[in-house]
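This report concerns only the one structure given below.
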Amino acid sequence: QVQLVESGGGLVQAGDSLRLSCAASGRTISTYGMGWFRQAPGKEREFVSRISRGGRTYYADFVKGRFTISRDNAKNTVYLRMNTLKPEDTAVYYCAVGRSASPATPDEVAYWGQGTQVTVSS
């Protein structure tokens, strides 16, 4: 069992930056692929970014060049740096552990965090 706790969300203006953190406990994350998803009101949960055990990163097209995922295995923590935020980035952001690799879809997720709200005003 892995427990995930996200933090770092908040209310910001368009163009601002935030860094989300996902602290894991229960097991070391070094053996897991990790990811970030988001869910806006009335929409399905969608993939944002993922990072493999070896540190390879992947991004949804709508965040490429603006978001950066990273991991610190020594701290058992995954991060999502979000720059140049837009109102359409408003959502609850969820950290996730992949079942067998870094998750690209919700079906590939073994564990979810509780989420952190990000609100971007125009």
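Give the range 94-122 a look and list any residue that's part of a loop (DSSP other than H, G, I, E, B), surrounded by 14 or more Cβ atoms within 10 Å (Cβ to Cβ) and touching an Asp or Glu at 6+ places or on another chain (Cβ under 7 Å), or say none.
Within the range 94-122, 113, 115 meet the criteria.
Residue by residue, here is whether (1) under 21 Å from residue 3 (Cα atoms); (2) touching a Lys or Arg at 6+ places or on another chain (Cβ under 6 Å); (3) in contact (Cβ under 8 Å) with a residue 12 or more places away in the chain; (4) of a type outside the set (D, E, K, R) holds:
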position	(1), (2), (3), (4)
57	no, no, yes, yes
70	yes, no, yes, yes
94	yes, no, yes, yes
102	yes, yes, yes, yes
107	yes, no, no, no
115	yes, no, yes, yes
122	no, no, yes, yes
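Please specify each residue of the range 1-55 satisfying the condition of being in contact (Cβ under 8 Å) with a residue 60 or more places away in the chain and among the hydroxyl-bearing types (Ser, Thr, Tyr).
Result: 7, 17, 32.
Laboratory data are not the source of any read-out in this text; all were calculated from the coordinates shown. Nothing here was measured: the structure is a model prediction, and the numbers come from that model. All Cβ positions, even for glycine, are placed from backbone atoms using ideal geometry, and neighbour counts span all protein chains on display.
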